[in-house]
Amino acid sequence: MIRANPHRISAIARGATALLAAIAAPSFASTSGVVISQVYGGNGNTFASDYVELFNAGANAVSISGWSIQYGSATGTGTFSGNGVTALNGMLQPGQHWLVQLATTTPTPANSAVLPTADATGSTNISASAGKIVLANVPTGLACNGSSVACSAAQLAQIVDLVGYGPTANYAEGSPAPAPSGTTALFRAANGCTDTNNNATDFAAGAPNPRNSSSPLAPCSGSGGTPPPPPSAAPTAAIYQIQGSGATSPYVGQVVTTAGVVTKVNNNGFFMQDPNGDGNPATSDGIFAFTGSQPTVSAGQAVQVTGTVQEFNVGAATNADTAAHTVTELGSISNVAVTGTGHVAPLVLQFPFATQDAMEPYEGMLVTLVGPFTAQQNYFLGRFGEMTLGTGGRLWQPTNVLRPGAQALAMNTDNIRRSIVLDDGSTVQNPNPTPYLAADNTVRAGDTVASITGVIDYGLTTSANTDPGAYKIHPTQPLSFTRANPRTTAADDVGGNLRIGSANIENFFTTLDNGTNLCPPTNTADDCRGANDANEFNRQRTKIVEELVGMNADAVALMELQNNGSTAAGSLVAALNVRLGANVYAVVPFAATGGGTDAIQVGMIYKPARLSLVGAALSDTAAINNRAPMGQTFAALNGERFNLIANHLKSKDCGDSTPGAGDADQGDLQGCFNGTRVRQADELRTFAARVQSNSGVSDTLLVGDFNAYAKEDPVADLTSNGFVDMVGQYLDKPGAATPSYGYSYVFNGTSGRLDQALASNTLSAKVSGVTEWHSNADEPLVIDYNEEFKQPACPTCGPDYSPTSRPTTIAST
């Protein structure tokens, strides 16, 4: 048997038979208003999943619970019940989309992206070029195919909508819709609002743009799928009239016709601006026209557009921050007419403004923002083509500088005022090539750019629609960053006779996270983390080894080793010794009581030629600890002894378990589980006293990932009880002309240190220096060891530069 790939080859049928069947097919004018608005079968090309998109073009909410999506091949004579049937469950509001994810292939860096969150999921493999899609109001497959097995009257009543596509489709409304391809989708005209009962005229191919129930509502001006009135029926309003002088448009919900010059084309719409404006600084002269797919206009064209005025909330409906910053736009576009050419000169503005909200009057406008700007965060550069910029140098996490309270919150507000998100103007995930990278495949936090010309927008700053938003700029001119924060090849010299280091190596697992392996403590696949295959593992280990070589520490505390005894640490040491020579490093034997009950543990490695172990390691398995702290006493060559304690306090993430007493986010910038971290810090002091008593050595160094910034409660608990913040003592410069602070982590556009080095009073005077080697914190996530979505620009990014770990190195005499 030879089996054709349905995404590449369409079965050949007698064209006349298929055409007659399609012409004879009944129409399905949707009485509910719910229609099939988009069809994509290019599984493994632009997106990793096939999908069908539904849309409520009516005026009333519609329950689709108990409905289904059903598929038949273009020339197939089997019943719909013999093909894939995907059940639906939910309620569609007027103007709401609904995304049905179908067959999925494993995405690869070269060909596909994951869909937005689907509202329903099935496994049907639909053709990219020809087929039949039925929206039925029953959950079971239809025992007909509409062609050789005609549908009875009762079965026809169960078909809400039908799309036959490709010239060979033997069942369609009217004539079949044109054939799409592996890289295009079929779109219902007028943003889903057109239903003339002829697939051939109702659908056209375009770049896939899947929309789900969280996408902005785009209600039709009529009901039941009735197309919007023609442009001549819509009142005319200038863009600045539509925008108005307030946060929301006075025309919300109305169909209007407006005119302007196209200033920026994105993949799902375009910005346009009145070239003259009204001279009122309170009213924006620009607006976004949301087309839902790649527009056919280009920058510099004068256009007349008819659409519905809407306020787009970029986040979840319950997100108060984004709800207060909705974006005025035109949706349900029914007409775009090019009337000539035009020119818009960018408005030159000095950034930042007095408040964040002072940017609202420039929403949708072409501007030049004069900086200079400093790159603050590049975490989403590879995923969404976004990077957070700010003015006045590096923006500091407020609780890294100030104790939680009113002053820290005021600093946070000022950070937001000084920030803007650089956006590549595309909704494509994992853009190829990754934007803004320099010739050395990076753009680092701390790098600078003098000014930016582009269009102002507003959007989310993270991948979670419940998180805050920020104003954005979509550049219209190329940007060139200055490497103001160059890479270094090794940690700085800190003097002294010993170098003690600390590094969070972020889930270094020797058990591959391939979906089938099982990991302790639960012995399930859920507890496996880190590399997915051998190639990723080798990349990860190589990067960590090069980082440890660059630190050149005599003892290193490690966080986020797999909790599998000494196996993970031993793998690192073996690779280190291949790199440096036999027996340069050794693993500190783990404590008999183990590393705790989490999937990860702390550990230590050291140089036997520089240090010797005094007694056995201890660990603290108290119930309050997620990962058991580990303490080891070392002796230097001169006989001096000290205790090194590695620890890893509970994460700030609110979603990893249910917050208990005092653990809910208090809105003070300390995140969730602050109460638990304080109790863990209390326990850490108790454990440190036990290590000191057991060894008879008072000199003690606490290092590790505290998941608390320098001025937060857990660190204050320790520094107010006999421990000295050594990073703060050596690296914090609050009184400098441009204040600077130690940092090991860049998150949400600010820098701070979750990784601390705290010395006992007896040891603090013996420390000769402290450094932080920013080999990873300032680098884009896209150049880490993972191979998912890796773009051609970065296959050989340097092994010692990636967000693989967070090192801190200190020295003592």
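The values are calculated or read from the model by the stated rules, or taken from the named source; none is laboratory data. Here the structure is a predicted model, which means the values were calculated and not measured. Don't worry about glycine lacking a Cβ; one is built from the backbone with ideal geometry, like all the others, and counts go over all protein chains shown. Quick note on the areas: whole protein, heavy atoms, side chains included, nothing else; ligands and nucleic acids left out. Shrake-Rupley method; radii C 1.70, N 1.55, O 1.52, S 1.80 Å.
Between the helical axis of 406-417 and the dominant principal axis of the chain, each derived from Cα atoms, what acute angle in degrees is found, rounded to the nearest 10?
50
Could I have the simple spin-label model distance between D526 and R641, label points 7 Å from Cα toward Cβ, reported in nm to one decimal?
According to this spin-label approximation, the distance is 4.4 nm.
For M365, M91, M411, give the ranking by accessible area with the largest first, probe 1.4 Å. Intermediate results must be reported in sequence, preceding the final value.
Numbers: M365 15, M91 95, M411 45 Å².
Correct descending sequence by accessible area is M91, M411, M365.
Need one word for segment 678-734: rounded, prolate or oblate. Basis is the Cα gyration tensor (sqrt eigenvalues a ≥ b ≥ c); a/c below 1.5 gives rounded, then a/b vs b/c decides. All intermediate terms of the calculation are to be shown ahead of the outcome.
Numbers: a/c = 2.46, a/b = 1.50, b/c = 1.65.
In terms of gyration-tensor shape, oblate.
Place the peptides 325-337, 744-756 in order of packing, highest mean first, counting for every residue the other Cβ atoms within 10 Å and averaging per peptide. Present the calculation step by step, with values, prior to reporting the outcome.
Numbers: 325-337: 22.3, 744-756: 24.2.
For the peptides 325-337, 744-756, the packing ranking is 744-756, 325-337.
For segment 660-736 and segment 126-193, what is the separation of their C-alpha centers, rounded to whole Å?
What the calculation gives is 63 Å, centre to centre.
Whole angstrom only: what separates the Cα centroid of segment 370-397 from the Cα centroid of segment 579-603?
Each part reduced to its Cα centre gives a spacing of 37 Å.
Work out the FRET efficiency for N517 and D467 from their Cβ-Cβ distance, taking R0 = 41 Å, and round it to the nearest 0.05. Mind dumping the intermediate values first?
Details: r = 32 Å, r/R0 = 0.79.
After rounding to 0.05, the efficiency reads 0.80.
Taking a 1.4 Å probe, which of V767, V614 shows the most accessible area, and what order do the others take after it?
Working: V767 10, V614 35 Å².
These residues rank, largest area first, as V614, V767.
Between V370 and A664, what length in nm is gained on full extension when 0.36 nm per residue of separation is reduced by their alpha carbon distance?
Details: separation 294, 0.36 × 294 = 105.84 nm, distance 4.01 nm.
Full-extension gain reported as 101.8 nm.
Under the classification rounded if a/c is under 1.5, otherwise prolate if a/b is larger than b/c and oblate if not, where does segment 66-165 fall, given a ≥ b ≥ c as square roots of the Cα gyration tensor eigenvalues? Don't jump to the answer; show the numbers that get you there.
Details: a/c = 2.31, a/b = 1.35, b/c = 1.71.
Oblate shape, in that a/c is at least 1.5 and b/c is the bigger or equal ratio.
Could you list log10 I(q)/I(0) for segment 256-358 at q = 0.15, 0.22 Å⁻¹, which the Debye formula gives when each Cα is one point scatterer?
For the requested q values the scattering log ratios are -0.69, -1.24.
What are the lysines whose alpha-carbon lies under 26 Å from the alpha-carbon of K766, with same-chain residues fewer than 8 places away excluded?
Cross-link targets: K607, K711, K733.
Just for segment 332-439, what percent of DSSP beta bridges are antiparallel, to the closest 5? Kindly include the intermediate steps, with their values, before the conclusion.
On the way: 8 of 12 bridges.
Looking only at bridges with both residues in segment 332-439, the antiparallel portion is about 65 percent.
Could you state the angle between the C-alpha long axis of helix 534-551 and the longest principal axis of the C-alpha atoms of the chain, as a value from 0 to 90 degrees rounded to the nearest 10?
Roughly 40 degrees between the two axes.
Let's see if you can work this out: charge +1 on each Lys and Arg Cβ, -1 on each Asp and Glu Cβ, no other charges. What is the dipole magnitude of the chain about its Cα centre, in debye to the nearest 20? Write out the running numbers ahead of the final one.
Working: 38 positive and 61 negative charges, 225 e Å.
Roughly 1080 debye for the chain.
Over the heavy atoms of Y379, what accessible area does a 1.4 Å probe trace out, to the nearest 10 Å²?
Ignoring ligands and nucleic acids, Y379 comes out at about 120 Å².
Across segment 691-800, what fraction of all alpha-carbon pairs, as a whole percent, falls in each successive 10 Å bin from zero upward?
Histogramming segment 691-800 at 10 Å steps yields 12, 35, 28, 17, 7, 1 percent.
What does the extension gain come out to for D440 and A337, with contour length at 0.36 nm per residue minus their alpha carbon separation?
Details: separation 103, 0.36 × 103 = 37.08 nm, distance 4.36 nm.
Length difference between fully extended and current span is 32.7 nm.
Based on the Cβ-Cβ distance of S768 and A609, what FRET efficiency does E = 1/(1 + (r/R0)^6) give at R0 = 22 Å, to the nearest 0.05?
Values: r = 21 Å, r/R0 = 0.93.
That gives a FRET efficiency of 0.60.
Under 12 Å from the Cβ of R483, count the other residues' Cβ atoms, weight Lys and Arg +1, Asp and Glu -1, and hand me the total. Before the final figure, lay out each step's value.
On the way: positive: R444, R487; negative: D440, D447, D778.
Neighbourhood net charge equals -1.
Regarding the chain, what whole-number volume in Å³ per residue does the convex hull of its Cα atoms give?
Details: hull volume 138.9 nm³, N = 813.
Output value, Cα hull per residue: 171 Å³.
Could you tally the net charge around G315, taking each other residue with its Cβ under 12 Å from the Cβ of G315, Lys/Arg +1 and Asp/Glu -1? Intermediate values should be presented prior to the final figure.
Numbers: positive: none; negative: D321, D467.
That sum, taken over residues with Cβ under 12 Å, equals -2.
Quick one: angle between helix 15-24 and the longest Cα principal axis of the chain, in degrees between 0 and 90, rounded to 10, please.
Relative to the chain, helix 15-24 is tipped by roughly 80 degrees.
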